[in-house]
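The block underneath contains the structure these notes are about, expressed in structure tokens.
Just so it is clear, none of the values below were taken in a lab; they were calculated from the coordinates. As the structure is a computational prediction, the values presented were derived from the model and not from experiment. Glycine also receives a Cβ, built like all others from the backbone with ideal geometry; neighbour counts cover every protein chain displayed.
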Amino acid sequence: AAKKDKVSKKLIKELAPCKAILEDLECHDDAWPFLLPVNTKQFPTYKKIIKCPMDLSTIKKRLQDMYYKSREEFCTDVRQIFNNCETFNEDDSPVGKAGHCMRQFFEARWNDLCTSH
Ligand SMILES: Cn1cc(C(=O)NCCCNC(=O)c2ccc(F)cc2)ccc1=O
């Protein structure tokens, strides 16, 4: 039991900054395309083109459910949002531009976190 507690304490310490970054992403002006899963009724081709849909509400739920076993798993899901966005949207479209801006914002926050010790 002691070992498990040590692991879970470490995990909470690891994932707490992820929760903070997620909150910053959610309240970013350009977050609107990413707050909820893409509406596949509004965009019928989305399911065919994007094999691993991801959005900020799904990541929030996964954090709350202790789904992530490491910071890296959280980071991979966030990057999935922006990779999907580049696949489905033109760079100069409103959603495409929001995706590039949000990716830049995330990667800067992610670097801060990984270089702060
Ligand atoms: C990631 N992605 C998103 C869209 C997209 O058009 N997404 C929703 C637009 C309409 N949704 C809103 O405007 C909104 C949603 C939530 C909210 F709290 C406030 C506003 C299209 C292609 C794509 O790849």
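Things to note:
- Simple spin-label estimate for Q64 and D24 in nanometres, 7 Å along Cα-Cβ: 2.3 nm
- Zone residues, segment 62-81, relative to L11, backbone N less than 16 Å from point 7 Å out along Cα-to-Cβ: 62-75
- Cross-link table K3/K60; K4/K69; K51/K97; K19/K47; K4/K51; K3/K69, entries beyond 23 Å C-alpha to C-alpha: K3/K60; K19/K47; K4/K51
- Additional length obtainable on full extension of the chain from A1 to C114, 0.36 nm per residue less Cα span: 37.8 nm
- For segment 104-117, the Karplus equation 6.51 cos²θ - 1.76 cosθ + 1.60, evaluated at θ = phi - 60°, returns couplings of 4, 4, 4, 4, 5, 5, 5, 4, 3, 5, 7, 9, 8, 9 Hz by residue, with Gly and Pro reported as x.
- Projecting the Cα atoms of T45, P17, P94 onto the dipole axis of the chain, where Lys and Arg carry +1 and Asp and Glu carry -1 at the beta carbon, places P17 farthest toward the positive end.
- Cα-based helix-to-principal-axis angle, 71-88 vs the chain, degrees rounded to 10: 0 degrees
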